[in-house]
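Where a number appears in this text, it was derived from the coordinates with a stated rule and is not lab data. Given the structure is predicted, the values throughout are model-derived calculations rather than measurements. Using ideal geometry, Cβ is built from the backbone for each residue, glycine included, and neighbour counts are taken over all protein chains shown.
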Amino acid sequence: MKNWIFVTGAPGSRWSGIGAELRFNHHADTTDYTSDKEYMHTQFSGHKGNYYGPGMLNGQWLDKELGNKQQWIDEINNSFSGPEDQVKVIMSHHFAYYLDEIMEIFPESEIVACVRDCDDCMEWWKEAGGWDITYPSYEFYRDDIKMKHEIYYQNKAILQWVHKHDVKERPSLNNKHEDLKVYVYK
């Protein structure tokens, strides 16, 4: 799946803006941009399109496992309606836990991982709407305590993967947010 870009980051890491920029820069499939899959924040990009993970419309199994290649092919074919060979930006907070598996199962795919300070993530997520965000669903995170926990462990998982594979930071993708680190594997 050389035309797939897996994107991950903890809630509040500003990763949705990176995903939107990737879609624009790669002329990616935006057939998932529908009114039921949109949350606009007053300052920045908000949320648009498919998000994958527990409590989401797609990839609900990600709290337990990444899944297999055929499962993802089916999921992507069902959640996008553009040409099969068009770039697909596939976004999930939970990909943070499966980065090695994504590399193994989808060796031709690019992986983009976003990291910010955990407290800054929590603060930005709350400023962007927090529990009042209408899309995507944050019900999996349950409360502020679990949200802080998941932000910490998602950032930690990404940084361990970055160090393990010597993944390079791509400062040109940080949307001028100096506190945001964007790592790209390909």
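Expressed in nm to one decimal, what extension gain is obtained for the pair N68 and E84 from 0.36 nm per residue of sequence separation less their Cα-Cα distance? Write out the running numbers ahead of the final one.
Values: separation 16, 0.36 × 16 = 5.76 nm, distance 1.86 nm.
This chain segment gains 3.9 nm when fully extended.
So, with +1 on the Cβ of K and R and -1 on the Cβ of D and E, and no other charges, what is the size of the charge dipole of region 4-185 about its Cα centre, to the nearest 20 debye? Working shown, then result.
Values: 18 positive and 30 negative charges, 48 e Å.
So the dipole magnitude of region 4-185 works out to roughly 220 debye.
With a Förster radius of 30 Å, plug the Cβ-Cβ distance of W61 and S172 into 1/(1 + (r/R0)^6) and report the FRET value to the nearest 0.05.
Numbers: r = 34 Å, r/R0 = 1.12.
According to the calculation, E is roughly 0.35.
May I have the pair-distance distribution P(r) for region 24-84, computed from all Cα-Cα distances with 5 Å bins from 0 and rounded to whole percent?
4, 15, 22, 24, 19, 12, 3, 1
Run the numbers for K164 and Y33: contour at 0.36 nm per residue of separation, minus the present Cα-Cα distance, in nm.
Numbers: separation 131, 0.36 × 131 = 47.16 nm, distance 3.47 nm.
Result for the pair: 43.7 nm of gain on full extension.
Say R0 is 25 Å: what FRET efficiency, to the nearest 0.05, do E104 and I145 get from their beta-carbon distance?
Working: r = 33 Å, r/R0 = 1.32.
E between E104 and I145, to the nearest 0.05, is 0.15.
If you take the charge dipole of region 4-185 about its Cα centre, with +1 on Lys and Arg Cβ and -1 on Asp and Glu Cβ, which of F24, C121, G82 is farthest toward its positive end?
C121
Compare P83, P171, P11 in a GNM of the chain, Cα atoms joined below 10 Å, and give the one with the largest fluctuation.
P83
In whole Hz and in residue order, list the ³J(HN,Hα) couplings for region 59-74 that follow from phi through the Karplus curve 6.51 cos²θ - 1.76 cosθ + 1.60, θ = phi - 60°; x for Gly and Pro.
After applying 6.51 cos²θ - 1.76 cosθ + 1.60, I find x, 5, 7, 5, 6, 10, 6, 6, x, 9, 4, 5, 4, 6, 4, 4 Hz.
Below 8 Å between Cα atoms, with a sequence gap of 6+, how large is the relative contact order for region 34-132 in percent?
Details: 69 pairs, mean separation 23.8, N = 99.
Computed over region 34-132, the figure is 24 percent.
Amide H neighbours of V7 under 5 Å, at least 5 residues apart or on other chains, H built in the peptide plane: list them.
Placed amide hydrogens put I90, M91, S92, V112 under 5 Å from V7.
For the cross-link pairs K2/K146; K69/K156; K2/K64; K126/K164, which exceed 27 Å when the distance is taken from alpha carbon to alpha carbon?
On the way: K2/K146 35 Å; K69/K156 25 Å; K2/K64 25 Å; K126/K164 31 Å.
Beyond 27 Å between Cα atoms: K2/K146; K126/K164.
Could you check the simple spin-label distance between Y152 and H41, using points 7 Å along Cα→Cβ, in nm with one decimal?
With each label placed 7 Å out from Cα toward Cβ, I get 2.2 nm.
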